[in-house]
1. How far apart, in nm, are two points set 7 Å out from the Cα along the Cα-to-Cβ line at VAL62 and at LEU48?
2. Could you please report the charge total around LEU27, scoring K, R as +1 and D, E as -1 over all other residues with beta-carbon less than 15 angstrom from its beta-carbon?
Amino acid sequence: MPKTAKPSAPPSYESALAELEQLVQTLEGGAVPLEQLLSGYKRGAELLAYCRGQLQAVEQQVKVLDDGTLKAWEGP
């Protein structure tokens, strides 16, 4: 069986989250072959790491904008 190209990084946090949600639904369905299950798990781990990195980057930007203190969001 030929190997497929490694999936690239998602274009945005939102698209990564959507792909991750779809992947979780597929894997939870239970009708996934073992090989696909393993590749899905690996892709899910990649997407999760990407999302965490994006959230940390935004948190750092908020800290800079708030003079180094992270304040609780009070909403509109």
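Nothing in this text is a laboratory measurement; each read-out follows from the coordinates by a stated rule. The model shown is predicted, which means the values in this text are computed figures rather than measured ones. Positions of Cβ are generated from backbone atoms using ideal geometry, with glycine treated the same way; all protein chains shown enter the neighbour counts.
1. 2.2
2. Values: positive: LYS42, ARG43; negative: GLU19, GLU21, GLU28, GLU35, GLU46.
Residues near LEU27 contribute -3 overall.
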